[in-house]
Ligand code: TYM
């Protein structure tokens, strides 16, 4: 497809130095595909967003940001084609966040499912940071500064993307402008990829510690897959399996070219879980081997240079949007 310079923006938090396969399937894999189709990519590390849960132990965020950038590049993002940058290096994200925060109804934010979940985890208003409620407002600023055609993310981000378009349209209405066109949600069509299960069949997530990481070694991957959740009623080798509910079969579906045969044999009790696991280990390691090799070649210094260049490119676009925003609002630009 010739995309005619269509722009894409997306990002990941820097809460860990390692991206997991859920991050890859839900988002990063699509970023690389879109880049290779000729879209103009803005790929961000959302270090400020990490602070909503890490303000008391923020010391690792810088290091995490470098490591995540390595995962981006190892997965196939090409810094010559795509702007890879750190959110906090482009201060316009903070300015637009502040302006949007003045015109976003509190009710929209209080109703966000991710806010309700996180709030329930934190005990008491004394411990709940102000920034948590505003999380989707900052995310909206990240997106709308670039006025993208689409935002590629996993299923869990859909509520945030909805608020983002609502805020953009509200801004347009209030200030009688068309600065912010609506953007598309680019969520993988395959639900397994849009919400990749973890080793325990809950959603793969840093906070559940149930993930396989892009940068894990082949041995670490094997060890993890050997402990993965399988059909609980499949005890003997010839008991029938239920591949839809088995983490190993889910990964086979994503990474093994022979998954349909493997699933059918599992369903009919023609194969045992250990065979599934061995073939799954092989398929996952085979798929990620080139990325892991590429990652090992990346030095911190080179990554920092890439991030500086990426921020320069991002700033050009972000500054131009901010001039229009200030003018539309009647502020002195
Ligand atoms: P974060 O850091 O939680 O996740 C990064 C991306 O990975 C996707 N993802 C998954 N996809 C499929 N299966 C899973 N198990 C899985 N786990 C995570 C997420 O959907 C996401 O696409 N708020 C964002 C970061 C952000 C952002 C933005 C995204 C900040 N500003 C602007 C897009 C545009 C977040 O917390 O993602």
Suppose each label sits 7 Å from its Cα in the direction of the beta carbon; what would the residue 289-residue 182 distance come out to in nanometres? 4.6 nm
Value at 222 nm in deg cm²/dmol, rounded to 500, when DSSP H runs of n ≥ 4 in the chain each add -39,500 (n - 2.57): -15500 deg cm²/dmol
At q = 0.17, 0.23 Å⁻¹, work out log10 I(q)/I(0) for the stretch 218-294 with the Debye formula, treating every Cα as an identical point scatterer and leaving solvent out; two decimals please. -0.58, -0.99
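With the radius of gyration and the Kirkwood radius both derived from the Cα set of the stretch 62-156, what is their ratio Rg to Rh? It would help to have the intermediate numbers written out before the result.
On the way: Rg = 15.8 Å, Rh = 15.6 Å.
Here the Rg-to-Rh quotient is 1.01.
Taking the Cβ of each residue in 48, 108 as the centre, tally the other Cβ atoms inside 10 Å and list the residues starting with the fewest. Let's see the in-between values first.
Working: 48 20, 108 15.
Taking fewest neighbouring Cβ atoms as first place, the list is 108, 48.
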Assuming a viscosity of 1.002 mPa s and a temperature of 20 °C, what translational diffusion coefficient in µm² per second does Stokes-Einstein assign to the chain, Rh being the Kirkwood radius over Cα pairs? 101 µm²/s
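Could you tell me what fraction of 2.2 N^0.38 Å the Cα radius of gyration of the stretch 1-56 comes to, as a two-decimal ratio?
1.32
Using Cα pairs closer than 8 Å and at least 6 residues apart in sequence, work out the relative contact order for the chain, in percent. It would help to have the intermediate numbers written out before the result.
Working: 507 pairs, mean separation 73.7, N = 333.
For the chain, the relative contact order is 22 percent.
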FRET efficiency for residue 94 and residue 36, Cβ-Cβ distance as r, R0 = 30 Å, nearest 0.05? 0.40
To the nearest 10 degrees, how steep is helix 300-329 against the longest Cα principal axis of the chain, on a 0 to 90 scale? 50 degrees
So if we plug the beta-carbon distance of residue 326 and residue 278 into 1/(1 + (r/R0)^6) with R0 = 56 Å, what FRET efficiency do we get, rounded to 0.05? 0.40
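Can you tell me what the convex hull of the Cα atoms of the stretch 1-151 projects to on average, as an area in nm²?
Details: hull surface 38.5 nm².
Reported value for the Cα convex hull: 9.6 nm².
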Determine, from the Cβ-Cβ distance of residue 117 and residue 58 and an R0 of 30 Å, the FRET efficiency 1/(1 + (r/R0)^6), rounded to the nearest 0.05. 0.85
How far is it, in nm, from the label point at residue 217 to the one at residue 261 when both lie 7 Å from their Cα along the line to the Cβ? 3.2 nm
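The numbers here are math on the coordinates, done by the rules we state, and not lab data. Keep in mind that this is a model prediction, so the values were computed, not measured. With ideal geometry, Cβ positions are generated from the backbone for all residues, glycine too; neighbour counts draw on all protein chains shown.
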